[in-house]
Amino acid sequence: MQILTPLRATLTAAAAVLAIPGTAAAAPTSPLSSPLHPVASLAAERLATADLVAAAKWGTDSPIDDPAREQVVLDNVAAQAKQIGADPDEVRRIFRDQIEANKDVQRSLYARWTAHPDQAPTTRPDLNVVRQTINRINTDLVQSLADTTPERAALTCRPELTVAVIEVHHEKHPDLLHTKALVRSLESVCRN
């Protein structure tokens with residue numbers, strides 16, 4: 001049995017409501033009303049790459065879990081954080097969640113493609129090109145985390161993050177898999 005953190009429970013409930021047909025229209029319509037919107041939006045953009053990574057690895061010897069690559073990503077974002085005066089350990093923790101959420105999407109896609117081979121990708125994206133996109137998003141996300149340090153330390157962080165997830169869902173219309181992964185990817189964003 002998985003224990004839900006308060007943030008995860010709140011965001012999971014929001015994701016469940018958003019998954020009900022017709023409820024997305026009830027989401028806030030004012031763009032960027034949450035100061036954490038950029039963080040949630042970049043996390044969603046990063047998660048969208050999971051589909052491409054999975055397609056690039058599908059049918060190859062490349063595993064979903066790649067500890068060496070993950071360590072390179074974590075070291076790079078920590079170094080970027082240090083350069084701009086952000087807490088490298090905090091950024092590393094947040095990116096660990098980003099990586100785990102990305103792998104959750106990949107595993108779910110693999111399970112879907114195994115069960116329904118007709119839905120499996122028929123082309124293989126270039127993983128190096130996909131990683132360039134991920135690296136760009138990572139850089140932007142590190143900066144966004146640094147820019148929102150006061151908001152992420154505030155007592156209002158969790159409600160603001162919930163609003164940001166709802167806003168991003170309203171804008172990008174992710175499916176339930178990607179919405180749940182978005183929630184997972186943001187677990188360590190708030191400091192309290």
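Observations on the structure shown:
- Ordered from largest to smallest accessible area (heavy atoms of protein chains, 1.4 Å probe), the residues GLU171, GLU45 come out as GLU171, GLU45.
- Taken along its three principal axes, the alpha carbon spread of segment 87-192 comes to 47, 27, 22 Å, from the longest extent down to the shortest.
- Taking only Cα atoms of segment 136-192, radius of gyration then Dmax in Å: 11.8, 31
The values are calculated or read from the model by the stated rules, or taken from the named source; none is laboratory data. Because the structure is predicted, anything quoted here is derived from the model rather than measured. Surface areas here come from the heavy atoms of the whole protein model, side chains and all, with no ligands, DNA or RNA. Shrake-Rupley method; radii C 1.70, N 1.55, O 1.52, S 1.80 Å.
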